[in-house]
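Here's the structure, in C-alpha cells; my notes come after.
What follows draws every value from the coordinates through simple rules; no lab data is involved. Bear in mind the structure is a predicted one, so any value in this text is a computation, not a measurement. Neighbour counts run over all protein chains shown; Cβ positions are idealised from the backbone, glycine included.
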C-alpha cells in the first residue's frame, strides 16, 4: 500500500519569513526552481521521498487556500478587483471556473477557521478533517467524501456521536483512497441507521436536489436529481402515462403521433385501440428514451398552455437568437435566453410548437426601440434586441445567461439615462448595483468605434487618473472568438484555405423561407 509516513518540512538553520506574502513568494520561487531541477542524479528512494513530499505539501495547501479564501470573503477583499461575490472572484478572477470555485468554497466552509458575529475565532466545522489536511495526510477528494457522508448523518443523531463520526472518517481517510473512504462511510451510515428508522422528513428535505449539467460537445446535458419519496411517486405516475410505449414518440409522423397522457385515450373505442396498437408496434425506443421524450412532451404541455405566465416578459417567453449566415446554411447553433445552444436544424420544429421570437441581426426593425425619458423599464422588444446583441450579462467577468439579467442604463437612469437601445445593456442585478462614480465601482461605456462597435465596455474605477481599458465580455460570443482566431491563423498562412467562411449573401435560402413561413423573424 506504500509508505504512509508524511515527510517532515523542518529546515534546521533556515529562517523562514514571518509575512504570509513573503512566504507565498518563497513558495513560488521554490516551485519554479523545482521545475528546472535535474532529477537524474537522485536515487530511486529520494525520488519517492520527493514525490511524497510534494503530494503532502499539495494537500496541506488546501487548508491554506481555505483559510485565505475565508479571510478574503470576510473582509470583502474581492471587491478591490471589481467583483461582487467571493465565488465569482475565484471563478473569474483566478480563472478557476464556477465548478472548481464552488468546490473550494464548500471545502472552506468545512475546514477553515471562521469568525463569529462578535469577532471571535471559531474552530473549523470539521476539526479532525482540518487537522488532517494541515498535516498533509488527506486530499481535497477525501474532504469531499467526508462532507458527503456527514451530510447524510440523520438529524436525530446526538452531537457527540456526530463529532465522533467526523473523527473516525478523518482517521480512515489517512489510510484509504477517496473511493475506499466512500465505501467505509456508507458502512458507517448503515451502522448508525441500519433500517432507516432514524431518517425523517428533515433529512430527506435537506438532501433533495435537481441539477442540470453543462452541455457537452454533442450539446447533450446530464440531469441529476435526488428526489423525495413524494416527488418520486408523482414523477413515476406521470411517466407511467406519458412514457408508456407508443406515447409521445418523436419518430412518429405528426399525423400519427399519440401525444399527452395514455390515460386520456379511450381504448374501448376500436379505432383508438388500433391506433395505440400500431403506435406500440412502431415504438422501438428504450425505457430511458421514452422517459426523455415524456419529459419533453411535458415541457411542451406547460409552455404551450401558459404555464410560464401570460405576461410579455423574457422569463415567460422562448427567445432565440441566431446568425443569418447559419440560417441560410441550415447549420450551426442558435442561442436561447437561458444560455442553451440548439442546433439550427432543430429550431424550426421548436418554433412550430412554442411560437418563439427569433431575433436576427440585419437592418433596423420598424418596432419602436427609442423611448428616451418616457419610460424607465425596457420594453419586451428592447429586451429581445439586448439579448440578440449581448446574449447574456455584458459584464466582462460574468457568464450569467440573459434570462437572469436586468436592463442597465448608460448613464444610470437617476443621472439622466435614457431608455434607448444604444443606451442599455444586459447585466445581472449584482453587477448593475456595482456601477457608480466611487473608487472600485464600475463604469459602462457604449462602444462607437473599433472592432467592438455596438458593444458595451466596462472598466473599474480603481484609482484617480486616466481611465483604464474598456473590457468587453466575449464569454457569450465564442463563435466570434473562434472566428477571429481562425482569421488570424489564415492570415499568417496566406490565402487558399480549404475551409470557406459561411455564406454572407442576402438572397433567401430554402431554410430561411421555412423560418419565415413558420414564425417570421425580426430583423435588427
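For residue 22 and residue 445, what does the FRET efficiency come to when R0 = 41 Å and r is the distance between their Cβ atoms, rounded to the nearest 0.05?
0.55
Gain in length, residue 273 to residue 152, computed as 0.36 nm per residue apart minus the alpha-carbon separation, to one decimal in nm?
Extra length from residue 273 to residue 152 when fully extended: 38.8 nm.
At a Förster distance of 35 Å, what's the computed FRET efficiency of residue 175 paired with residue 215, Cβ-Cβ distance as r, to 0.05?
It comes out at approximately 0.30.
Could you line up 302, 111 from fewest to most neighbouring Cβ atoms inside 10 Å?
302, 111
Taking the Cα-to-Cβ direction at residue 263 and at residue 251 and moving 7 Å from each Cα, how far apart do the two end points lie in nm?
My value for the distance between the label points is 2.8 nm.
Can you classify segment 116-160 as rounded, prolate or oblate using the Cα gyration tensor, where a ≥ b ≥ c are the square roots of its eigenvalues, rounded means a/c under 1.5, and otherwise it's prolate if a/b beats b/c and oblate if not?
Here segment 116-160 falls in the oblate category.
Applying 1/(1 + (r/R0)^6) with R0 = 41 Å to the Cβ-Cβ distance of residue 223 and residue 380, what FRET efficiency is obtained, to the nearest 0.05?
E(calc), rounded to 0.05, equals 0.85.
Between residue 201 and residue 422, what length in nm is gained on full extension when 0.36 nm per residue of separation is reduced by their alpha carbon distance?
74.3 nm
Could you list 267, 425 so that the one with the fewest beta carbons within 10 Å of its beta carbon is first and the one with the most is last?
By the 10 Å Cβ count, ascending, the order reads 267, 425.
Report the label-to-label distance for residue 57 and residue 141 in nanometres (one decimal), using points 7 Å from each Cα along the Cα→Cβ vector.
Between residue 57 and residue 141, the label points sit 2.2 nm apart.
Once a ≥ b ≥ c are taken as the square roots of the eigenvalues of the Cα gyration tensor of segment 231-304, is the result rounded (a/c under 1.5), prolate (a/b larger than b/c) or oblate (a/b not larger than b/c)?
Prolate.
To two decimal places, what compactness ratio does segment 160-287 give when its Cα radius of gyration is scaled by 2.2 N^0.38 Å?
1.66
Between segment 415-446 and segment 63-110, what is the C-alpha centre distance in whole Å?
Each part reduced to its Cα centre gives a spacing of 25 Å.
Arrange 403, 138 by Cβ neighbour counts within 10 Å, fewest through most, would you?
403, 138
Taking square-rooted eigenvalues a ≥ b ≥ c of the alpha carbon gyration tensor, is segment 20-198 rounded, prolate or oblate, where a/c under 1.5 means rounded and, failing that, a/b exceeding b/c means prolate?
oblate
Show me, bin by bin at 5 Å from 0, the whole-percent P(r) of segment 42-89 based on Cα pairs.
5, 20, 16, 13, 11, 9, 8, 8, 7, 4, 0
Pull out the extension gain between residue 100 and residue 39, defined as 0.36 nm times the separation in residues minus the alpha carbon to alpha carbon distance; nm, one decimal.
18.8 nm
If one computes the Cα centroid of segment 152-190 and of segment 223-266, what distance in Å separates the two points?
Segment 152-190 and segment 223-266 have Cα centres separated by 40 Å.
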